[in-house]
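Encoded as structure tokens, the structure appears first; notes follow it.
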Amino acid sequence: MQQQSTYKQLTLITPTAAMHASVHGGRAKCLQRLIRLEMPVPVTVALSFDAVQQIARGQSVDMDALMAPFGPQPLLSVRPSSQDPDWGGPSAILNIGMNDARHDAMCETMGEWAASAMYLRFVQAYAIHVARLDPDEFYLPDVPDRLSLKAMLDTYEAETDEQFPQDPAVQLTQVLRSMARAWDGTTARLLRQAKGAPQDAGLGLVVQAMALGVGQGECGSGVIQYVDSTTGVPQITGRYMSQSQGREALGAAEGAIYLTRDPRGPSLEDLCPDAFAELVALRDICRGYLREEMQVEFTIENGNLHILDAVRVQRSSRASVRIAVALAEDEMIPREEAVLRVEPAALSELLHRQIDPLAKRDLIVRGIAASPGAATGRIVLTANEAQASAARGEACVLVRRETTPEDIRGMHAAQAVLTMRGGVTSHAAVIGRGLGVPCVVGASDLSIDFKKRQVIAPNGRRFAAGDTITVDGTTGQILAGEPPMLEAALDDAFQTLLQWADEFRDIGVRANADTPADAQTARNFAAEGIGLCRTEHMFFEGERLRVMREMIFAEGGDDRRAVLDRLLPMQRADFRALFEIMQGRNVCVRLFDPPLHEFLPSDKAGLRDLAGQMDVPLHEATARVEALSEYNPMLGMRGVRLGIAIPEIYDMQARAIFEAIAAVIKSGTEITVEIMIPLVSAMREVELVKARVDGVANAVMAETRTEFEYRLGVMVETPRAALRAQDIAEHAAFLSFGTNDLTQMTYGLSRDDAGRFMSAYVQQGVYAEDPFHTLDIEGVGELIALGAERGRAGRKDVILSICGEHGGSRSAIAFCRTHGFDYVSCSPFRVPVARLTAAQLALQDRVVS
Ligand code: PEP
Ligand code: MG
């Protein structure tokens with residue numbers, strides 16, 4: 001932040017006044033730029049962050065000095081000016097200075113309706129935002145006249161026991177104070193922090209003379225912008241209220257006329273072609289000098305244009321990408337800046353999946369579409385449950401009557417949010433959009449039975465916690481089950497931006513992909529390869545689960561091998577499909593990892609089923625399952641331990657991989673395969689597995705008469721593997737840090753149970769963040785850095801990466817760049833975000849160095 005002391009608290013904006021966006025805010029700085037461009041901007045005074053903070057604390061500013069530039073009887077507006085306009089701020093308040101005397105005088109000059117409309121608007125804003133009275137008591141009347149004005153002033157007096165303040169200085173003081181305090185409110189703080197604002201983000205205010213838009217010729221006020229806020233496509237939109245074209249209607253469109261020529265009615269272009277042409281010319285000026293697409297607020301007074309304000313055009317995520325790319329393509333900004341301008345999180349909004357329009361919809365209820373995209377998950381009823389579900393890696397939908405700030409972490413953890421109350425500006429809606437989580441609010445026909453933990457549809461249908469539903473945040477529908485989805489449509493601007501990002505980034509981005517569908521998504525998002533293919537996911541489907549269970553129940557190696565021989569062709573087909581999709585890119589296949597009991601049932605019905613499937617008595621099936629159960633399975637017989645105790649499993653997987661490689665090579669596809677051993681904690685484990693895998697490779701090469709290369713590497717996810725990385729790397733071509741297990745084991749914190757107390761821990765500051773969401777750089781990071789260093793000492797050219805859930809996050813990518821990693825691997829949908837983030841980090845480094 002700039003040194004506050006070099007700037008005055010109150011600054012009359014002139015072309016040369018000392019001003020800075022980090023002291024006065026973006027709006028104030030932008031007004032100065034407009035003034036420098038000799039645009040007709042009314043007198044404006046900027047209040048610095050410092051001044052506004054003092055006002056919030058109850059201290060006053062020098063009102064005489066503040067009001068002096070505006071002359072006697074000023075009519076003023078106050079607007080917020082935060083450092084980044086996206087961080088928001090309190091609503092603008094206009095017509096400050098309106099009072100009874102002024103109203104009487106203005107009735108003479110501009111007519112009773114227009115004068116009353118102005119006073120009514122001010123009283124309304126003052127009552128709601130300054131006196132904090134109930135908005136329902138202060139709606140604007142259809143007929144703005146002396147009578148309706150008196151009614152509103154009387155209501156104000158009845159509610160406050162005070163007359164509406166008449167002194168402009170008092171009015172202004174109160175307005176400034178209420179705006180300053182609103183900035184410190186919890187909601188405002190949370191919202192701006194969700195947009196990346198620092199905790200101590202400041203607010204500036206601008207006080208400006210009102211340009212009334214009143215006179216004999218064409219008069220009125222409006223806003224204009226030159227691109228569509230939703231799509232970013234060039235198009236003039238906005239509104240204009242003409243005072244000359246009959247009496248102005250409050251709030252309604254009656255007094256509104258079109259901006260551009262329109263067969264449906266009069267337009268500003270017809271009424272005032274010169275001013276309109278000036279307005280249109282502003283687009284190029286804004287793009288050329290302000291290097292932005294702006295929304296311009298203006299008034300027209302006797303045909304003359306006044307520019308009151310210009311702010312960055314509000315934009316959807318899609319528009320933000322298109323605008324940045326168009327500015328760079330038109331050489332208004334360099335490509336680097338276009339890449340830096342797009343918030344990576346905004347990309348994930350573009351990536352949201354939608355429900356296939358042809359899919360059958362099992363509609364439960366309709367609500368208000370509050371945040372776009374569709375997502376499926378199991379119903380959870382509290383934020384804690386949502387976090388626990390995320391820690392288990394299970395998709396969930398957070399269902400609440402309404403959300404409060406305490407729910408934010410749960411919303412973050414959920415795939416979608418559904419509330420019974422609220423509208424498009426409710427907490428859930430605003431936060432949902434901010435976080436890019438699909439959200440439907442105000443589904444008031446739905447009810448929750450907390451005792452039975454059920455959600456009840458209007459037709460009496462009940463859905464228990466744990467049942468799967470789908471939230472369509474684009475249409476507002478809530479559906480039962482999981483309808484087929486369509487992947488997001490990614491337009492040219494999106495692709496262009498990411499191509500530019502790839503030119504600037506200096507770390508690889510791969511995807512964690514387990515199925516051909518995941519691999520296809522990874523390719524669509526231009527992942528450089530697969531960084532983690534969790535092969536066990538291939539065994540959960542239909543017939544395979546049954547064969548898997550037979551394998552688990554097999555007596556001895558021969559029997560087991562015989563069953564595994566039946567799994568082999570299925571695995572080979574999986575790998576072949578994966579390799580063909582990834583053509584030429586690296587694919588890192590992780591050998592079997594989970595404990596075997598995950599494939600066995602735990603409840604009575606499941607055990608009966610299993611006994612039937614295996615053709616053994618129930619008691620025998622139960623005894624076998626019990627024999628396999630472990631007190632602490634995540635620290636038990638899993639990963640490489642299984643690979644060593646039951647080597648036939650890895651033998652089969654290695655054979656499936658190599659036979660698939662041989663097959664794709666024969667069909668002319670290039671592929672580089674990496675085989676990764678999970679849960680290693682000792683070098684000897686790697687030696688043993690490597691010897692067997694190499695043996696299988698040689699056998700397959702001989703049998704298929706093909707030559708292929710592959711790499712064998714280790715997943716570093718136990719602290720000991722990180723500590724012993726030097727000798728492990730002697731046998732491993734690559735080390736991939738599995739930050740999920742490494743976090744679990746470094747903290748001694750169960751991934752599956754941490755959700756229970758995580759919010760208490762984070763709330764009380766024990767952990768700054770949930771370490772399963774945000775990589776713990778201080779602890780886990782130190783272990784990774786040490787492992788990387790020791791790994792390099794063991795093998796100079798060892799390939800380093802991370803593949804836990806943290807892989808796509810900004811802090812993890814920054815960490816990996818700092819430590820010279822080769823790539824990060826993350827879920828396919830995070831790949832574009834990671835590509836952009838990596839590019840931004842590289843570009844920011846360039847600026848610093
Ligand atoms: C990890 O532990 O970080 C990892 C990627 O593997 P999994 O989540 O499958 O345990
Ligand atoms: Mg793991």
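Below, the figures for the structure above:
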read-out: Residue among D502, D472, D518 that alone is touching a residue at least 40 places away in the same chain (Cβ under 8 Å), under 30 Å from L327 (Cα atoms) and under 29 Å from the mean Cα position of the chain (by Cα); value: D502
read-out: Residue match in segment 801-813 (condition: within 27 Å of S389 (Cα to Cα), away from ligand 1 (no atom under 16 Å from the Cβ) and either in contact with a His (Cβ under 8 Å, 6 or more places away or on another chain) or outside any helix (DSSP H, G or I) (or both)); value: no
read-out: Matching option when the condition is surrounded by fewer than 14 Cβ atoms within 10 Å (Cβ to Cβ) and either away from ligand 2 (no atom under 15 Å from the Cβ) or free of Cβ contacts under 8 Å to residues at least 24 places away in the same chain (or both), among G781, G765, G794; value: G765
read-out: Verdict on F575 being more than 16 Å from ligand 1 (Cβ to nearest atom), aromatic (F, W, Y) and within 17 Å of A656 (Cα to Cα); value: yes
read-out: Complete set of residues in segment 79-94 that are surrounded by fewer than 22 Cβ atoms within 10 Å (Cβ to Cβ) and either farther than 16 Å from V52 by Cβ or of a type outside the set (G, A, S) (or both); value: D84, P85, D86, P90, L94
read-out: Selected residue (criterion: farthest from V233 (Cα to Cα)) from residues of segment 302-343 that are among the hydroxyl-bearing types (S, T, Y) and in a helix (DSSP H, G or I); value: S317
read-out: Residue satisfying all of: in segment 389-401; surrounded by fewer than 23 Cβ atoms within 10 Å (Cβ to Cβ) and either aliphatic (A, V, I, L, M) or closer than 30 Å to A839 by Cβ (or both); nearest to ligand 2 (Cβ to nearest atom) among these; value: G393
read-out: Given (1) of a type outside the set (S, T, N, Q); (2) crowded, with 19+ Cβ neighbours inside 10 Å; (3) under 32 Å from the mean Cα position of the chain (by Cα); (4) outside any helix (DSSP H, G or I), index of the condition D200 fails; value: (2)
read-out: Boolean, D741 is under 20 Å from A682 (Cα atoms), more than 24 Å from the chain's Cα centre (by Cα) and among the acidic types (D, E); value: yes
read-out: Top-ranked residue of segment 736-757 - restricted to ones that are away from ligand 2 (no atom under 14 Å from the Cβ), surrounded by fewer than 24 Cβ atoms within 10 Å (Cβ to Cβ) and small (G, A, S), ranked as modelled with the lowest pLDDT; value: A754
read-out: Verdict on L775 being in a loop (DSSP other than H, G, I, E, B) and either within 16 Å of ligand 2 (Cβ to nearest atom) or among the polar types (S, T, N, Q) (or both); value: yes
read-out: Selection within segment 46-60 - farther than 19 Å from L31 by Cβ and either in contact with a strand residue (DSSP E or B) (Cβ under 7 Å, 6 or more places away or on another chain) or not in a helix (DSSP H, G or I) (or both); value: R57, G58, Q59, S60
read-out: Test: residue in segment 344-355 that is farther than 30 Å from P771 by Cα and in a loop (DSSP other than H, G, I, E, B); value: no
read-out: Any hit, segment 758-766, residues being more than 21 Å from R684 (Cα to Cα), within 16 Å of ligand 1 (Cβ to nearest atom) and assigned to a loop (DSSP other than H, G, I, E, B); value: no
read-out: Test for M1: is it at pLDDT below 95, under 36 Å from the mean Cα position of the chain (by Cα) and in a loop (DSSP other than H, G, I, E, B); value: yes
read-out: Residues of segment 708-734 satisfying the condition of being under 17 Å from F592 (Cα atoms) and within 16 Å of ligand 1 (Cβ to nearest atom); value: G713, V714, M715, V716, E717, T718
read-out: Pair list, Cβ < 8 Å and 6+ apart or interchain, from segment 708-723 residues that are within 16 Å of E687 (Cα to Cα) to residues that are away from ligand 1 (no atom under 16 Å from the Cβ) and acidic (D, E); value: L712/D694
read-out: Tally of residues being modelled with pLDDT under 95 and in contact with a Gly (Cβ under 6 Å, 6 or more places away or on another chain) across segment 317-335; value: 2
read-out: Residues that are of a type in the set (V, I, T), over 26 Å from S60 (Cα atoms) and part of a strand (DSSP E or B), drawn from segment 203-224; value: V223, I224
read-out: Residues of segment 719-735 satisfying the condition of being within 21 Å of D797 (Cα to Cα) and either near ligand 2 (Cβ under 10 Å from one of its atoms) or out of contact with any strand residue (DSSP E or B) (no Cβ under 7 Å at 6 or more places or on another chain) (or both); value: L723, R724, Q726, D727, E730, H731
read-out: Condition met for A275 (under 26 Å from A209 (Cα atoms), of a type in the set (G, A, S), touching a helix residue (DSSP H, G or I) at 6+ places or on another chain (Cβ under 8 Å) and modelled with pLDDT of 90 or more); value: yes
read-out: Test: A814 is surrounded by fewer than 18 Cβ atoms within 10 Å (Cβ to Cβ) and in contact with a helix residue (DSSP H, G or I) (Cβ under 7 Å, 6 or more places away or on another chain); value: no
read-out: Residue that is surrounded by the fewest Cβ atoms within 10 Å (Cβ to Cβ) [pool: residues in segment 580-604 that are away from ligand 2 (no atom under 16 Å from the Cβ) and among the charged types (D, E, K, R)]; value: D603
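The values are calculated or read from the model by the stated rules, or taken from the named source; none is laboratory data. Predicted model, so just to flag it, every value in this text is computed and none were measured. Note: ideal-geometry Cβ built from the backbone for every residue, glycine included; neighbour counts use all protein chains shown.
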